[in-house]
Each structure stands twice: as C-alpha cells, then as structure tokens.
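Coordinate-derived values only; no laboratory data. Please read these numbers as outputs of a predicted model, since none were measured by experiment. FYI the Cβ positions are ideal-geometry reconstructions off the backbone, even for glycines, and counts take in every protein chain you see.
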Amino acid sequence: MQRIIKYILLLWIPLISSETIIIDGNLDEKEWNSAFVINDYYEVVPFTLNPAEVKTTAKIFSNEDGIYVGFINYQENSSMISNKSLRDAWDVNAEQNGVAIDFDSDGAKAYMFMISLANVQRDGVRQLGSFPEFDWDGDWEAKTKKHDGYWISEFLIPWDIVLMKPEEDIKRKINVTTYRYLANEKVWLNDTKTSGFRTNFLSNLRTIEINSFSKRKINFFPFIAYTSNSVTSLNDNKLGAEVFLNTGTGKQINLTINPDFGQAESDEVIVNFSAQETFYSEKRAFFNENQSLFDLNHYDRYRIINTRRIGAKSSYLCSSSLNENDCIDSRKNYTDIDYALRYTQKNENLDFGVFVAKESDERYTNGKDFYAIRSKKKINKRTVGYFLTHVENNFLNESATVNVIDFANVKSNKLTIYNDLISSEREGETGFGYRSQFNYKPTPSSRRSGSLLYFDDSLLLNDFGYLKKNDWFHIGIGSDITLIDFKKLKRVKELELGIDFNYDSDTSGNSNPVTIGQKNEFTLLNASKFQFTWDLKTSGKDTTITRKNINFPYVKNKGSFSFNLDYESPSFGIWEYDWRVGYEDADKYESFDSNGYKRRYAKIGGSFYPVDFFKVGFSARIRNEKEWLNWIENNDLAIYDLSQKTISINMNWYRGIKHEIRLKSQFVALEAKNPRSLTVNESGYLLNNNKEINPFSEGITSFQIRYKYEIAPLSYIYLVYTKGGSMFEDNTSRETSEIFKDPWNNPDNEIFSIKFRLKY
C-alpha cells in the first residue's frame with residue numbers, strides 16, 4: 001500500500017510543483033531560463049542601423065497557453081517615461097516594447113503586439129503590400145514593471161488569438177521580430193534591422209522554432225445599448241451579441257446578431273467639394289476582427305470591401321410614399337443590421353473565407369444583402385487569390401457583382417510584384433480594372449517603386465467596396481534613399497530623400513497635370529524633425545470636376561508649384577509642439593481675367609501632459625485660396641476667395657487602468673467670398689460668365705466626450721455624449737465666430753448613449 005502511495009505521489013509531484021506563469025512584469029519563472037534569447041538591437045527609426053546604445057534583452061518561449069515574450073530594458077529610472085494613452089494610439093510618448101509575429105511563417109502577414117510602460121496595449125496587422133493597421137483589438141495579456149536600473153515587459157499571446165494553419169508536428173516555425181521605443185530620444189530599436197513601415201518588413205523577420213499547441217476558443221459578447229437623439233427625437237434600444245469561435249484546427253466563425261454599430265468613436269471632419277468620395281476607416285469592432293483575409297486594397301485608391309457600406313444610410317423615396325411627412329421624419333443616417341457572419345479557414349497553403357451581412361427592412365425602405373467569397377493559394381513564394389463580392393439592393397431591386405484575381409510574387413527580400421485583375425457587373429453594365437505594382441529595395445537604405453492602374457469608365461466598386469475614381473489611367477514611379485554619417489551637417493542624424501513622378505489621365509487620353517514631388521526629411525540629434533517638400537504640376541486637364549459631363553468632359557488647368565515646411569519638436573518633458581506652413585502658386589488663365597491661383601496654409605499644434613494620466617492636445621489650421629475653383633452644375637463653375645479655419649481640441653484623462661475619459665472635438669469655419677461666375681466650353685477653356693453666383697459659408701462641429709470603464713479585458717461600459725452638425729448659409733455675410741458657433745447652437749444631432757459590452 002505504501003509503495004502504491006509512493007508511486008501516486010511521484011506522478012503528482014510534477015503537477016503540484018508546476019506553476020502557472022503569472023503575467024506580472026517579473027521574469028522569475030524557471031521556463032524563462034530555457035527561452036530563445038535576443039541581445040543585439042539596432043537603431044531603425046531613424047534608420048541609422050547603429051548598434052543600440054542601451055542594452056535590451058528579449059526572451060521567447062511557448063507552452064500550451066501560448067507564446068510568451070519578455071523584455072529586459074536597461075536605462076536610468078529618471079529617464080523612464082510612462083505617460084498613459086488610448087489603446088492603439090500611435091503618437092504614444094512613453095517607453096514601449098513590441099513583437100511582430102508571422103504565425104504561419106509564410107511572409108503573408110504579421111500581427112503586431114505592443115505595450116507601453118504605462119501598461120497601455122497596441123495591436124495591429126501588417127499585410128504584404130500594405131502599411132500597418134491598428135484597428136484590430138486582440139485578446140492578449142501584457143504587463144510592465146519598473147525595477148532599479150531597468151524595466152520589464154511580459155507578454156502572453158494565446159494560441160487562439162488569430163487564425164493560423166494547423167500544425168501536426170510538435171514544433172512550429174514562426175517568423176518574429178522584436179522592438180523597443182526610447183521615448184525621450186524618439187528612437188525605435190529592432191533586432192532584425194527593420195521596422196513595420198519598411199516595404200520589405202515581412203521578408204526581414206527571423207525564423208525560430210517553438211513548441212506547437214492548439215487551443216479551441218469560444219467568446220460570447222452580449223451587449224445592451226441605449227441611444228437618445230434630442231434633436232431628431234429618435235430613441236433606440238438595442239440588445240444583441242457577438243460570437244467568436246476558433247476551433248484551433250484552422251477554422252473560425254464570427255457572428256453578430258442585431259449589432260449596435262453607432263459606437264463610441266467619431267470620424268475626422270473632412271470638407272470635400274471634389275467629385276471623389278472621402279474614405280473613412282472602419283472603427284467597429286466586429287468588422288476589424290479576423291478581417292485581414294478580406295482586406296484587399298491599394299493605398300487610398302481602392303478597396304474591394306469597404307465595410308462602412310454595411311449599415312450606411314439607406315435609400316428613401318418619400319415623395320412616392322402615401323405618408324410623405326412621416327417618411328421624412330423616419331429617415332436615419334444609418335441602417336440597422338440583422339446579422340453579419342464571417343467564416344474563415346486555413347490549410348497548409350490555402351486560405352478560404354465567406355462573409356455575409358444582412359441589413360434590416362424598415363417601414364419606408366429595405367436593407368441590402370452583402371456577400372463575399374475569398375480564397376488565397378500559396379505556391380512557393382507566390383500567392384494567387386480570388387475575390388467575389390455581391391450586393392442585393394432590396395429597395396431599388398438592383399444588384400452588383402465584383403470579381404478579382406490577385407497575384408503577389410515575392411521574388412526576393414528585395415523585390416515584390418503585385419497584380420490585380422478586377423471586373424464589375426451592375427445591372428448589365430460591365431467594367432474592368434487592372435493594377436500592377438512593384439517594390440524594390442536594392443540596398444537597406446534605398447527603395448524603388450512603381451505602379452500602373454487602369455480603371456475603365458464602367459468599373460463600379462462602391463456598392464460594397466471603395467473606388468476613388470474610375471475612367472482612370474495612372475503611372476507612378478518613386479525612389480527614396482536614407483543618408484547617415486554626415487561630416488558637415490553635424491546636427492543631422494538622418495536625411496531621407498525621396499522623389500515621385502505621377503502621370504494620370506482618363507481612358508480617352510485626356511491627360512491630368514503631370515506631378516513631380518520631392519521630399520527632404522531631416523532627423524536631428526535632439527530628436528526633432530524638419531521636412532521640406534516641393535511639388536511641380538504641369539498644365540493639364542481636370543477630368544472629374546464637371547462630373548463626367550458628356551459635352552464638357554474636362555477643365556484645362558494651369559501649371560503650379562507648391563512648397564511645404566514641417567517641423568516636429570523634441571519632447572520638452574511635459575510638452576511638445578509642431579508646425580507646418582505651405583503655399584502654392586499657379587499661372588494665370590488667359591481665357592478670362594485671371595490673376596492666378598494661390599494657396600497659403602499654416603498649422604500649429606501641440607501636446608501638454610503635466611502628469612502621466614492626463615494629456616491635452618490642440619491644433620489650429622488656416623487655409624486661404626485665391627481663385628478656388630468650384631463646380632456649380634453642368635458646365636457652370638465659379639471661383640472664390642476661400643478661407644477655411646479649423647480648431648481641434650482633444651483631451652484624455654485616465655484613472656488607474658480601468659477609467660478613461662476622452663474628449664475629441666473639431667470646429668470648422670469655411671468662407672467662400674467674392675465669387676465670379678465662369679463657364680467651360682467644349683475644349684475645356686474657362687470663360688467669363690454672367691450668371692449670378694452667391695458667396696457662401698459653412699460651419700461644421702464635431703464634439704464627443706466619452707467615458708469608458710473596463711470591467712475586464714474586452715468588456716466595457718461606455719457613456720458617450722456626441723454633438724455635431726453643419727450650417728450652410730448662401731449669400732449671407734457672417735463673422736467667423738458666428739460660423740463656428742452656429743452648428744453648435746443648431747446641431748443636426750445631439751446624442752447620448754450608454755452601452756454595456758461583456759465578454760464571456
């Protein structure tokens with residue numbers, strides 16, 4: 001009997017003595033002793049590649065819970081900056097550590113995880129051919145702790161945080177890089193001599209082997225929300241849920257039912273009089289979770305899926321309704337959503353996904369149905385993808401379909417080539433588009449890039465995606481080089497020189513102005529930055545301003561030259577500032593009594609953080625334009641003396657790690673004075689016109705104050721007050737102060753909302 005008890009104790013002792021690793025900023029568990037160790041770091045922002053002047057040690061290992069990363073950061077305690085910030089904020093003035101992991105070791109994308117010394121998390125995704133995007137919020141842990149002469153950060157990145165291909169072996173290869181930010185010096189350090197904004201970032205990660213595990217996860221996020229709009233008298237009560245299931249075998253399902261998407265993050269105010277739609281990034285949590293497979297885009301030029309289309313404002317035909325007034329009163333600037341479903345799976349060399357969303361039907365309108373299918377096949381260093389989107393407009397009885405074949409070829413860590421073939425079909429009208437692009441880095445300090453776009457006049461993506469403009473032909477070539485080790489310019493630490501050439505036209509050969517731009521950015525030894533850029537535009541044709549009028553397809557523009565100066569100060573302990581000035585001058589038009597276009601721009605901004613839990617930001621911008629050209633209708637245009645003033649005030653306050661108050665506001669006053677009527681003839685020449693044109697002014701207000709309480713990770717209570725609107729006045733002379741105040745006193749919306757979102 002004693003022998004049996006002895007054997008039982010021998011079996012249980014390892015389990016009893018083993019300890020769960022506690023994420024507390026102390027790397028004192030025995031598992032850290034056998035971790036993979038990184039000791040060598042280099043300065044990558046600025047890109048000097050000098051060995052780091054401070055010592056950093058990173059350690060990586062894995063167990064059944066996930067991947068653990070620990071940093072030991074040596075520096076004097078007096079130099080440690082720990083200002084708090086919003087999650088995912090980019091301009092964080094605090095010491096930071098981060099790790100980027102390509103879980104599948106295939107060079108397609110890396111997930112980025114960062115923690116500041118104030119224990120504020122930041123996470124994002126860097127895909128091949130794109131820049132990092134920080135909209136995604138993952139469920140991971142990190143903690144920092146100050147010690148005497150160093151500070152420690154400790155990460156736990158669970159196996160179920162992202163969808164990764166299943167691994168049958170006990171070992172998994174991952175590509176990884178680690179980095180550190182020195183807040184006082186504004187310097188990024190990295191162990192593989194790269195940074196997230198370099199074109200060959202994914203090729204420069206190091207490959208390591210760690211123990212491989214899989215984990216099944218299901219998260220349930222119920223929520224209750226109440227919204228009241230005192231201006232429109234519309235109240236909305238919501239009860240819904242989100243469900244995220246990761247099987248641990250390379251499959252994931254995301255489902256949301258009756259979601260509340262009128263959420264707690266306001267958009268930037270952008271005044272746009274052009275023919276191109278403004279693109280706004282996605283801020284809703286569900287559409288940022290596990291969305292990277294469906295994210296196919298080319299900078300700000302197009303996106304195959306723009307999830308902001310889902311839940312956008314519906315179409316109404318109130319004039320045809322039996323109760324026109326009630327229809328008008330019932331209109332909303334958003335559409336409720338019944339559900340959205342996303343299924344994705346990963347195999348060894350194949351990614352596949354399906355996306356479905358259905359908007360709600362209302363009394364005077366019907367919602368849309370959205371469908372998407374996406375697949376990507378990996379063949380050595382080449383990736384071939386297929387993308388299908390389809391939209392059913394149930395109110396207008398219309399449908400739209402887009403097909404895309406995309407191809408990426410990583411020829412080496414120096415050269416990558418991309419190609420997209422796009423076709424669209426909408427109510428019998430078909431369109432075609434093509435993109436070809438290359439990125440080439442002959443040396444670590446230089447880059448060459450080029451792109452070719454062709455979008456015919458019938459290409460339509462905006463039912464589900466985003467297209468800046470169709471009927472467009474574009475050739476762009478760019479080059480930049482980074483210089484260091486200056487003998488004469490002793491105050492300069494880094495100089496980045498860049499030049500770009502762009503040729504654009506419509507598909508009929510009507511050439512837009514050719515642009516040549518040149519950038520010179522100096523990083524100084526005191527961590528400040530100074531940049532001056534210039535752009536030269538030739539004469540050409542504006543092929544969009546007349547909104548594709550068949551008889552008057554373009555306006556001939558004169559050439560111009562512009563110049564901008566930018567400065568970012570070093571940190572002065574509790575404050576910093578930046579400024580910008582710019583101008584642009586164009587030649588006189590000979591076809592009417594023109595004095596030539598002129599633009600003057602100035603901006604001053606700054607941040608003040610007297611204590612690490614409070615920050616105030618302020619900026620003021622003013623833009624003045626002479627002979628600003630604006631389209632009226634058909635071939636009627638006008639020039640104005642334009643003045644636009646913008647004031648932004650932001651404030652963040654934190655108490656502990658649970659409470660957060662954020663104020664975000666923008667106030668815009670725009671005045672268009674001294675109008676002169678013009679017309680454009682069939683040859684594109686602007687001529688004097690005798691039509692009466694009125695001056696106008698527009699004021700825009702966007703104000704939001706938000707309180708957020710973190711119940712637990714990814715579980716929050718929101719209290720949000722939002723007020724905003726715009727006031728357009730035609731043929732009225734108003735003082736600038738009145739233009740600022742009018743939309744505040746007469747808002748379009750004044751909303752109070754409360755929302756509980758819990759994680760189970």
Task: Distance between modelled label sites at residue 324 and residue 525, nm, 7 Å Cα→Cβ extension - done: 7.5
- [ ] Take the Cβ-Cβ distance between residue 24 and residue 650 as r, set R0 to 30 Å, and report the resulting FRET efficiency rounded to the nearest 0.05.
- [x] 0.40
TODO: Kindly state, to the nearest 0.05, the FRET efficiency for residue 173 paired with residue 690, given R0 = 60 Å and r defined as their beta-carbon distance.
DONE: 0.20
- [ ] Pairs of Cα atoms under 8 Å, at least six residues apart: use those to get the relative contact order of segment 477-607, whole percent.
- [x] 16
TODO: Measure of size requested: the Rg and Dmax of segment 548-690, with Cα atoms as the atom set and Å as the unit; please supply both.
DONE: 21.6, 66
Open item on the list: Could you compute how fast segment 215-324 diffuses translationally, taking Rh as the Kirkwood radius over C-alpha pairs and applying Stokes-Einstein at 37 °C with viscosity 0.692 mPa s? Give it in µm² per second.
Closed with: 188
Open item on the list: What percentages make up the Cα-Cα pair-distance distribution of segment 21-215 when the bins are 10 Å wide from 0?
Closed with: 9, 39, 40, 12, 1
Task: Principal axes of segment 312-377: Cα extent on each, largest first, Å - done: 58, 16, 15
Task: Contact order normalised by residue count of segment 21-215, Cα under 8 Å, 6+ apart, percent - done: 27
Task: Sparse-neighbour loop sites [trypsin sites (Lys or Arg not before Pro); segment 399-505; at most 15 other C-beta within 10 Å; DSSP] - done: 411, 487, 488, 490, 491
- [ ] Would you compute, for the Cα atoms of segment 417-486, the largest minus smallest coordinate along each principal axis and list the three values in descending order, in whole Å?
- [x] 61, 19, 18
Task: Packing rank of 106-114, 542-550, 700-708, where each peptide gets the mean count of other beta carbons within 10 Å, highest leading - done: 106-114, 700-708, 542-550
Open item on the list: Counting other beta carbons within 10 Å of each residue's own, what order do 245, 670 fall into, fewest first?
Closed with: 245, 670
TODO: Would you mind calculating the gained length between residue 508 and residue 397 on full extension (0.36 nm times residue separation, minus the Cα-Cα distance), in nm to one decimal?
DONE: 36.7 nm
- [ ] Output the relative contact order of the chain, whole-number percent, from Cα pairs under 8 angstrom with separation of 6+ residues.
- [x] 8
TODO: Using Cα centres only, tell me the gap between segment 464-518 and segment 577-607 in whole Å.
DONE: 20
- [ ] Of the DSSP beta bridges with both residues in segment 403-491, give the percent that are antiparallel, rounding to the nearest 5.
- [x] 100
- [ ] List the residues of segment 522-558 whose backbone N lies under 16 Å from a point placed 7 Å from the Cα of residue 581 along the Cα-to-Cβ direction.
- [x] 530-534
Open item on the list: Given Cβ point charges of +1 (Lys, Arg) and -1 (Asp, Glu) and nothing else, what value in debye, to the nearest 20, does the dipole of the chain about its Cα centre take?
Closed with: 1960
Open item on the list: At 0.36 nm per residue, and after removing the present C-alpha to C-alpha distance, how many nm does the segment from residue 452 to residue 728 gain when stretched out fully?
Closed with: 95.4 nm
TODO: List the chymotrypsin sites (Phe, Trp or Tyr not before Pro) within segment 271-350 that fall in a DSSP loop (any state other than H, G, I, E or B) and whose Cβ has at most 14 other Cβ atoms within 10 Å.
DONE: 273, 280, 299, 334
Task: Kirkwood Rh in Å, taken over all unlike Cα pairs in the chain - done: 28.8
- [ ] May I ask you to evaluate 6.51 cos²θ - 1.76 cosθ + 1.60, the Karplus curve with θ = phi - 60°, for each residue of segment 456-469 and list the ³J(HN,Hα) values in order in whole Hz, giving x for glycine and proline?
- [x] 6, 5, 9, 6, 10, 10, 7, 6, 10, x, 9, 10, 4, 6
Task: In nm, spacing of pseudo-spin labels at residue 78 and residue 487 (7 Å Cα→C-beta vector) - done: 3.7
TODO: Can you work out the PRE-style zone for residue 63? Point 7 Å along Cα to Cβ, and I want the residues of segment 154-193 with backbone N under 17 Å.
DONE: 154-160
Task: Using θ = phi - 60° and Karplus 6.51 cos²θ - 1.76 cosθ + 1.60, couplings along segment 486-499 (whole Hz; Gly, Pro as x) - done: 8, 8, 8, 8, 6, 7, 8, 9, 8, 10, 10, 10, x, 9
Open item on the list: Give me the one-decimal nm value for the distance between modelled label points at residue 712 and residue 412, 7 Å along each residue's Cα-to-Cβ direction.
Closed with: 5.3
Task: segment 297-423: radius of gyration and largest Cα-Cα distance (Dmax), Å - done: 19.3, 65
Task: FRET efficiency, residue 274 to residue 34 (Cβ-Cβ, R0 51 Å, nearest 0.05) - done: 0.30
Task: Added length on full extension, which subtracts the Cα-Cα distance from 0.36 nm per residue, residue 548 to residue 497 - done: 14.6 nm
Task: trypsin sites (Lys or Arg not before Pro) within segment 249-335: DSSP coil, no more than 11 neighbouring Cβ in 10 Å - done: 313
- [ ] Place +1 on the Cβ of every Lys and Arg and -1 on the Cβ of every Asp and Glu in segment 614-760, take the dipole about the Cα centre, and give the residue among 657, 685, 616 whose Cα lies farthest towards its positive end.
- [x] 657
- [ ] Go ahead and estimate [θ] at 222 nm for the chain from helices alone: -39,500 (n - 2.57) per DSSP H run with n ≥ 4, summed, over the residue count, rounded to 500.
- [x] -1500 deg cm²/dmol
Open item on the list: Give me 727, 651 sorted ascending by neighbouring Cβ count inside 10 Å, so fewest comes first.
Closed with: 651, 727
Task: Ratio Rg/Rh, restricted to segment 12-95 and using Cα atoms, in which Rh is the Kirkwood radius - done: 1.05
- [ ] Work out how far the C-alpha atoms of segment 605-760 reach from end to end along every principal axis, then list the three figures in whole Å, largest first.
- [x] 65, 35, 32
